[in-house]
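Data first, discussion second: the structure below is written as structure tokens.
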Amino acid sequence: MPEVETGRYTVGVFKDVVTAERGIDALKRQGFTPDALSLLAVDKPEHAGLLHKVFGRPGDKVEVQGVGSTVAGGSLIQAVGGGPDLAKTGLANALKRVGFQAHDGRIFETLTGRGGVLVAVRSEPRAADALATLHCYGGGNAAIGAWTGRV
């Protein structure tokens, strides 16, 4: 697969829709637009409703190895290779494309599989702001993807 610029993401997993919505609202108040956000969650009506509220349209159905049927929206899915890669390799391996270590990906995959809402922010210039907001509002294991090529 050819190497493409995917951008850098800050990712956290919220325990439920209520806390995810609070975190997303805080990100928006700080100037992060819906275009900068990505969400991934197990396919449940409440998760689909959150995606519709954030993006103004239903989320895409994406099969993720190790998680199952999910709803997703935002640029992260394409950045990690799209639905076919997620179905084949799972979230842990796919997140390597945006600079995360496999162990971070496994944590995100496990928390999402347990019903959490993964929220990613494409925000390289403001990654620290996104990270602080995710942490403050309950985004578990929030982390910034490695800044590859910058060391």
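Give me the pairs: first residue in the stretch 115-141 and free of Cβ contacts under 8 Å to residues at least 40 places away in the same chain, second residue aliphatic (A, V, I, L, M) and surrounded by fewer than 23 Cβ atoms within 10 Å (Cβ to Cβ), beta-carbon distance under 9 Å, and six or more apart or on different chains, which are they?
Final answer for the pair search is Ala128/Ile144.
Spot the failing condition for Asp35; the list is (1) in a loop (DSSP other than H, G, I, E, B); (2) within 13 Å of the chain's Cα centre (by Cα); (3) exposed (fewer than 15 other Cβ atoms within 10 Å of the Cβ), and only one is missed.
Status for Asp35: all satisfied but (1).
Do you know which residues across the stretch 38-49 are within 17 Å of Thr19 (Cα to Cα), in a loop (DSSP other than H, G, I, E, B) and acidic (Asp, Glu)?
Our first condition is that a residue be within 17 Å of Thr19 (Cα to Cα); within the stretch 38-49, this holds for 38-42, 44-49.
Those left that are additionally in a loop (DSSP other than H, G, I, E, B): 44.
Across the stretch 38-49, there are no qualifying residues.
If Val54 passes every condition in (1) without any contact (Cβ under 8 Å) to a residue 24 or more places away in the chain; (2) touching a Pro at 6+ places or on another chain (Cβ under 8 Å) but one, which one does it miss?
The failed condition is (1).
Here is a list of conditions, (1) at pLDDT 90 or above; (2) among the basic types (Lys, Arg); (3) more than 20 Å from Thr19 (Cα to Cα), and Arg114 meets all of them except one; can you say which number that is?
Failing condition for Arg114: (3).
Return only the number of the condition from (1) touching an Asp or Glu at 6+ places or on another chain (Cβ under 6 Å); (2) not in a strand (DSSP E or B) that Ala146 does not satisfy.
Only one criterion is unmet by Ala146, namely (1).
Please go through the stretch 57-106 and pick out each residue that is free of Cβ contacts under 8 Å to residues at least 12 places away in the same chain and of a type in the set (A, V, I, L, M, F, W, C).
First, the residues of the stretch 57-106 that are free of Cβ contacts under 8 Å to residues at least 12 places away in the same chain: 78, 82, 84-85, 96, 102-103.
Across the stretch 57-106, the qualifying residue is only Ala102.
If you scan the stretch 100-126, which residues turn out to be more than 21 Å from Gly31 (Cβ to Cβ) and hydroxyl-bearing (Ser, Thr, Tyr)?
Thr110, Thr112
Of all residues in the stretch 1-41, how many are touching a Gly at 6+ places or on another chain (Cβ under 6 Å) and modelled with pLDDT of 95 or more?
Filtering the stretch 1-41 for residues touching a Gly at 6+ places or on another chain (Cβ under 6 Å) gives 8-9, 12-15, 19, 23, 37-39.
Applying the additional criterion that residues be modelled with pLDDT of 95 or more yields 12-15, 19, 23, 37-39.
Qualifying residue count, the stretch 1-41: 9.
Considering only residues of the stretch 102-125 that are in contact with a strand residue (DSSP E or B) (Cβ under 9 Å, 6 or more places away or on another chain) and of a type in the set (Lys, Arg), which is nearest to Val54 (Cα to Cα)?
Arg122
The values are calculated or read from the model by the stated rules, or taken from the named source; none is laboratory data. Just so you know, these numbers come straight off a predicted model, no measurement behind them. With ideal geometry, Cβ positions are generated from the backbone for all residues, glycine too; neighbour counts draw on all protein chains shown.
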